[in-house]
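The values are calculated or read from the model by the stated rules, or taken from the named source; none is laboratory data. Please read these numbers as outputs of a predicted model, since none were measured by experiment. Neighbour counts run over all protein chains shown; Cβ positions are idealised from the backbone, glycine included. SASA here: full protein model, heavy atoms, side chains in, ligands and nucleic acids out. Shrake-Rupley method; radii C 1.70, N 1.55, O 1.52, S 1.80 Å.
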Amino acid sequence: MRIVFDFGGVVFRWHPASFLARIWPHRIETLEQGAAAAAVFFQNYGGDWGLFDQGLIGADEVVRRISARTGWPLGDVAAVVRAVPDELMLIPATAVLIRDLRAAGHTLHFLSNMPEPYAAHLAKAHPLAEWFESGVFSSHVKQIKPSAEIFAIAERRFGVPPQELLFLDDHPANIDAALSRDWQAFLFTDAASARRELVSRRLLGA
């Protein structure tokens, strides 16, 4: 079994509501306000941000588009875009899970919607080539989850039948897309519950 990890919210911290509250204390006072602002800012990772994820526009252009669409000042929007790498901190419990899966002899891959600047940051800041045999960043292939195209690209790159891939992702639409292509998959909520699921599938010891 090959195990495929999403990155944001799974391997690396990504909590847009608290992230925006931290970056925009002058605008956001509660997590509820942060969640509402995140829905507008990131458009559920479609729209402007989806183009950024696909590598079809760069950081300056996504800032310009979000500011024009929302009326938020360019400087405020740019501050968010600049701060994303600091938000993407390694989740310690997932790092342990990766270590234990590799120690158990499993081959790991990644499949991540990630704009080019952040993909470059993660590759520089962490030993991705040590943890994962291979991976797909959306911005490198100009496709994003949950499109069928990026899963097809991943299947070719990972070099095994889809039935031999087990996908961990924190977005239900991405899990559904993987299952529709005959991958195995389950929704990631936290590392502890993921570990229990992997134990139940006899991929890790209890």
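Here are some notes:
- Net charge of Cβ neighbours under 14 Å - reference residue 147; Lys, Arg +1; Asp, Glu -1: -2
- Within the listed set 28, 175, 150, the Gaussian network model of the chain (springs between alpha-carbon atoms below 10 Å) gives the highest mean-square fluctuation for 28.
- Between the beta carbons of residue 133 and residue 56, assuming R0 = 30 Å, the FRET efficiency works out to 0.65 to the nearest 0.05.
- Theoretical gain in end-to-end length, residue 76 to residue 202 [0.36 nm per residue, Cα-Cα removed]: 40.6 nm
- Evaluating 6.51 cos²θ - 1.76 cosθ + 1.60 at θ = phi - 60° for every residue in the stretch 150-167, the Karplus couplings come out as 6, 5, 5, 4, 4, 4, 5, 5, 7, x, 9, x, x, 5, 9, 10, 10, 10 Hz, glycine and proline recorded as x.
- Computed per residue of the chain from DSSP H runs no shorter than four, each worth -39500 (n - 2.57), the mean residue ellipticity at 222 nm is -16000 deg cm²/dmol.
- Square roots of five times the Cα gyration tensor eigenvalues for the stretch 52-99, Å: 30, 13, 7
- Dipole moment magnitude, nearest 20 debye, the chain about Cα centre, only Lys, Arg, Asp, Glu C-beta charged: 260 debye
- Using only Cα coordinates, the Kirkwood hydrodynamic radius of the stretch 17-111 works out to 15.1 Å.
- Per atom type, the chain shows carbon and sulfur on 54% of its accessible surface, probed at 1.4 Å.
- Computed from phi, the 3J(HN,Hα) profile of the stretch 54-70 under the Karplus parametrisation 6.51, -1.76, 1.60 (θ = phi - 60°) reads 7, x, 8, 9, x, 5, 4, 6, 5, 4, 4, 5, 5, 4, 5, 6, 9 Hz, with x in place of Gly and Pro.
- In the chain, Rg over Rh equals 0.98, where Rg is the alpha-carbon radius of gyration and Rh the Kirkwood radius from pairwise Cα distances.
- The stretch 141-206 - convex hull of alpha carbons, volume per residue in Å³: 89 Å³
- The phi-based Karplus calculation (6.51 cos²θ - 1.76 cosθ + 1.60; θ = phi - 60°) puts the 3J(HN,Hα) values of the stretch 28-40 at 10, 10, 10, 5, 5, 5, x, 5, 5, 5, 5, 4, 6 Hz, whole numbers, x for Gly and Pro.
- Top of 105, 135, 50 by mean-square fluctuation, Gaussian network on the chain, Cα under 10 Å: 105
- Distance from the stretch 17-64 to the stretch 134-154 (C-alpha centre basis), Å: 22 Å
- Fluctuation leader among 126, 106, 26 - the chain, Gaussian network, Cα springs under 10 angstrom: 26
- Between the amide H of residue 134 and those of 110, distances stay under 5 Å, these residues lying 5 or more places away or on another chain, with hydrogens modeled in the peptide plane.
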